[in-house]
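Worksheet: one structure, shown below.
The values are calculated or read from the model by the stated rules, or taken from the named source; none is laboratory data. None of the values given here were measured: they were computed from a predicted structure. Heads up, the Cβs are rebuilt from the backbone with ideal geometry, glycines too, and the neighbour counts pull from every protein chain shown.
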There are 2 protein chains.
Amino acid sequence: MKITNQRVMGIDPGYDRLGIAIMEKDPRGEKLIFSTCLTSDKKADFSQRLWQLGKEIEKIIKKHRPTVVAMEKLFVTVNQKTAMAVAEVRGMIIYLSAKYQLAVNDFSPLEIKSCLTGYGQADKKQMISLVEKILKIKTKKKFDDEYDAMAVALTYLAKGNWR
Amino acid sequence: MKITNQRVMGIDPGYDRLGIAIMEKDPRGEKLIFSTCLTSDKKADFSQRLWQLGKEIEKIIKKHRPTVVAMEKLFVTVNQKTAMAVAEVRGMIIYLSAKYQLAVNDFSPLEIKSCLTGYGQADKKQMISLVEKILKIKTKKKFDDEYDAMAVALTYLAKGNWR
């Protein structure tokens, strides 16, 4: 088994809810260090929401010291306005990653599903169950966004595009 | 004539070239304080480019002390990849604006054209000529992106959505 001392910060970007998972890989497998779902004040201006989310992300970076970022990359499907706003959140995260000298690796939802399940048609429930199995965690009160963040971090570790 | 002591920072967002114009309105009309076209290293990672652009924007904010931001907002037309990358640049700028407590006002290209020319079909040359006329500036070696930044700043001042 390939071993890395990298600590990946997986991110499922969003302005209502933003999932974060910090993960490492050791000889026994992938280990979840921390995960959370950040939220921002719906009544605040969008710029204030970005600022709030950014502050929380900086706290997590300082506390958990990731060495690399893996983030979900959306493409416009149905709602263009939402897709653009999520891209703006991504921009803030990419900027902060540069501040802490963390390389950013993007993965599409399809890449994540394909990598973890071997095909791209897995549903939410299957993905969650698989993530729990890989990480040997039991179902807790976690948000879907946290599982999405774990999934992108696992994808990064599985793809092995690190040294 | 309505007078404001607001100093607007107009921004035409982009990762290759990013136009910025600082503008004020006084009894004699709109006054261009400063404009520039920022560029980032094409060979660098996207996150490094965002970081480079952000550093330059912070320098300009600290030097010229704008009180508000007016920024062009793109919608996906032809190239989705470009539109998403520009939205990521916008996210970095929105985040920095919050850092300096500057409200961000978005205007679509159509709103800008309609506001300045009275209709939405003006071409690039007409827009540049109009911006030069309003600001009483002569054609210098400025980039189109600078004119776009001036146009969005003028739109903000003309719309009068300030107190």
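Being within 10 Å of another protein chain (Cβ to nearest Cβ) and touching a residue at least 60 places away in the same chain (Cβ under 8 Å) holds for only one residue in B:R49, B:R90, and it is B:R90. Against the list (1) within 24 Å of B:E24 (Cα to Cα); (2) surrounded by 15 or more Cβ atoms within 10 Å (Cβ to Cβ), the condition B:K159 fails is (2).
Among the residues of region B:93-104, those that are within 13 Å of B:G54 (Cβ to Cβ), facing chain A (nearest Cβ under 7 Å) and either within 14 Å of the chain's Cα centre (by Cα) or polar (S, T, N, Q) (or both) comprise B:I94, B:S97. Scan region B:1-45 for residues that are part of a loop (DSSP other than H, G, I, E, B), of a type outside the set (S, T, N, Q) and buried (at least 17 other Cβ atoms within 10 Å of the Cβ) and jot them down. Result: B:P13, B:G14, B:Y15. Taking the numbered list (1) within 22 Å of B:F46 (Cα to Cα); (2) more than 11 Å from chain B (Cβ to nearest Cβ); (3) of a type outside the set (F, W, Y); (4) surrounded by 14 or more Cβ atoms within 10 Å (Cβ to Cβ) in turn, A:E56 passes all entries but (1). Identify all residues within region A:46-80 that are assigned to a helix (DSSP H, G or I) and in contact with a helix residue (DSSP H, G or I) (Cβ under 8 Å, 6 or more places away or on another chain); write none if there are none. Within region A:46-80, A:F46, A:S47, A:Q48, A:L50, A:W51, A:L53, A:G54, A:I57, A:E58, A:I61 meet the criteria. Looking only at region A:116-145, residues that are in a helix (DSSP H, G or I), out of contact with any Lys or Arg (no Cβ under 9 Å at 6 or more places or on another chain) and in contact (Cβ under 8 Å) with a residue 60 or more places away in the chain come to 1 in all. Among the residues of region B:19-46, the ones that are within 19 Å of the chain's Cα centre (by Cα) and either touching a residue at least 40 places away in the same chain (Cβ under 8 Å) or more than 14 Å from chain A (Cβ to nearest Cβ) (or both) come to 18 in all. Candidates in region A:105-126 are the residues that are touching a Ser or Thr at 6+ places or on another chain (Cβ under 7 Å) and loosely packed, with under 15 Cβ neighbours inside 10 Å; of these, the one that is farthest from the other protein chains (Cβ to nearest Cβ) is A:Q126. Flag: A:Q101 matches the condition of being in a loop (DSSP other than H, G, I, E, B) and at pLDDT 90 or above.
Right, B:I112: aliphatic (A, V, I, L, M) and assigned to a helix (DSSP H, G or I) or not? When the stated conditions are applied, B:I112 passes them.
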